[in-house]
Amino acid sequence: MSSEKMLVRIGGLLRQAESTSNPHEAQAFMEAAQRLATATSIDLAVARAHTSRREQRASPVQRAIRIGETGKKGLRTYVQLFVSIAAANDVQCDVAHNSTQVFAYGFDTDIDACEALYAGLLVQMVRSSDAYLASGAHRPVAGVTARLNFQLAFAARIGERLATARRAAEEQALRADADRPDAAAADDGSLSGTALVLRDKQIELTDFYRRTSTARGAWRGAKATAGHSSKARHAGDRAGRAARLGHEAELPGARRELSRPQR
């Protein structure tokens, strides 16, 4: 499936998620979107593996993702959300020191999937945290502390959900590969078919990132300034479990000094 077709399919899943009031259905649509992104990524990786070096062969790229303008509140947790999504989609990230931009390293299709997922989930995160603060349930904790904790927990839960969906999609692909009658092991007998392609893709991405990234130090994000609020974290986690997907454009930003997100 091409990147364009994948985005059209993901868009359809997002619209279905937006149209349902059932949180279980919404979660199913979200996981389906991630599985589609993973399956497409695997298909294209297999295609790249069979493309002659004499032909035009897709390579990893670096892309700037605009998060917000300098001085806008909340950018650190916005970055954390994007990084959590990227981690489930074979995309590595560097972050501008003021959190206005993320620089994504990966294949075009994988970065496209990250942007599509981020666009819908960012709106969900902001709206749900605003509703939580408006309810007053965070008191006596300060609003800024509650917001940071809420949104950090939301991003973490989203990352876990997407990673789970990704693992399921990869396991399904590996099982299908193993069941093929013509499945063949690698020369050393350790890997076969899709598993070998996924390993080679990861090596290629790692090499590209090391050659291309100019990041220095580690981006600590909201973790550097957030006090702790158990109530806000529990609320953010619940919202992350129930999140549905929608559409929204990224916010504008500017390129600045980069750092690597802490793992």
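The values are calculated or read from the model by the stated rules, or taken from the named source; none is laboratory data. What you see is a predicted model, and the numbers here were worked out from it, not measured in a lab. Positions of Cβ are backbone-derived with ideal geometry, glycine not excepted, and every protein chain shown enters the neighbour counts.
Close contacts from the stretch 99-120, counting a first residue that is closer than 10 Å to ALA86 by Cα and a second that is assigned to a strand (DSSP E or B), with Cβ to Cβ under 6 Å and a gap of 6+ residues or different chains, come to ALA104/ARG63; ALA104/ILE65; ALA104/CYS93; TYR105/GLN62; TYR105/GLN92; ILE111/ARG63; ILE111/ALA104.
Inside the stretch 91-114, residues that are of a type in the set (Phe, Trp, Tyr) and surrounded by fewer than 21 Cβ atoms within 10 Å (Cβ to Cβ) make up a count of 1. Restricting the first member to the stretch 206-219 and to residues that are more than 12 Å from CYS93 (Cβ to Cβ) and touching a residue at least 40 places away in the same chain (Cβ under 8 Å), and the second to residues that are among the aliphatic types (A, V, I, L, M) and not in a loop (DSSP other than H, G, I, E, B), the beta-carbon pairs closer than 7 Å and six or more apart or on different chains are THR214/LEU258.
Do we find a residue being touching a residue at least 12 places away in the same chain (Cβ under 8 Å), assigned to a helix (DSSP H, G or I) and among the charged types (D, E, K, R) anywhere in the stretch 81-95?
Within the stretch 81-95, the subset touching a residue at least 12 places away in the same chain (Cβ under 8 Å) is 81-95.
Still in the list and also assigned to a helix (DSSP H, G or I): 81-87.
When the remaining residues are screened for being among the charged types (D, E, K, R), the result is none.
Scanning the stretch 81-95 turns up no residue that is touching a residue at least 12 places away in the same chain (Cβ under 8 Å), assigned to a helix (DSSP H, G or I) and among the charged types (D, E, K, R).
All of LEU148, LEU117 fail the test of being modelled with pLDDT of 90 or more, crowded, with 18+ Cβ neighbours inside 10 Å and at negative phi, apart from LEU148. Scan the stretch 71-90 residue by residue and report those that are over 25 Å from GLY143 (Cβ atoms), crowded, with 23+ Cβ neighbours inside 10 Å and not charged (D, E, K, R). ILE85, ALA86, ALA88, ASN89 - these are the residues of the stretch 71-90 that are over 25 Å from GLY143 (Cβ atoms), crowded, with 23+ Cβ neighbours inside 10 Å and not charged (D, E, K, R).
Keeping to the stretch 75-109, report how many residues are over 19 Å from ALA218 (Cα atoms) and either touching a strand residue (DSSP E or B) at 6+ places or on another chain (Cβ under 6 Å) or not β-branched (Val, Ile, Thr) (or both). Talk me through it step by step, then tell me what you get.
Of all residues in the stretch 75-109, those over 19 Å from ALA218 (Cα atoms) come to 88-90, 106-109.
Restricting the remaining residues to those that are either touching a strand residue (DSSP E or B) at 6+ places or on another chain (Cβ under 6 Å) or not β-branched (Val, Ile, Thr) (or both) gives 88-90, 106-108.
So the count comes out to 6.
When restricted to residues that are of a type outside the set (Phe, Trp, Tyr), over 22 Å from GLU69 (Cα atoms) and more than 10 Å from the chain's Cα centre (by Cα), the stretch 79-127 contains 3. Take the conditions (1) free of Cβ contacts under 8 Å to residues at least 40 places away in the same chain; (2) not in a loop (DSSP other than H, G, I, E, B); ARG139 misses just one of them, which is (2). The number of residues in the stretch 187-237 being aromatic (Phe, Trp, Tyr) and modelled with pLDDT of 90 or more comes to 2.
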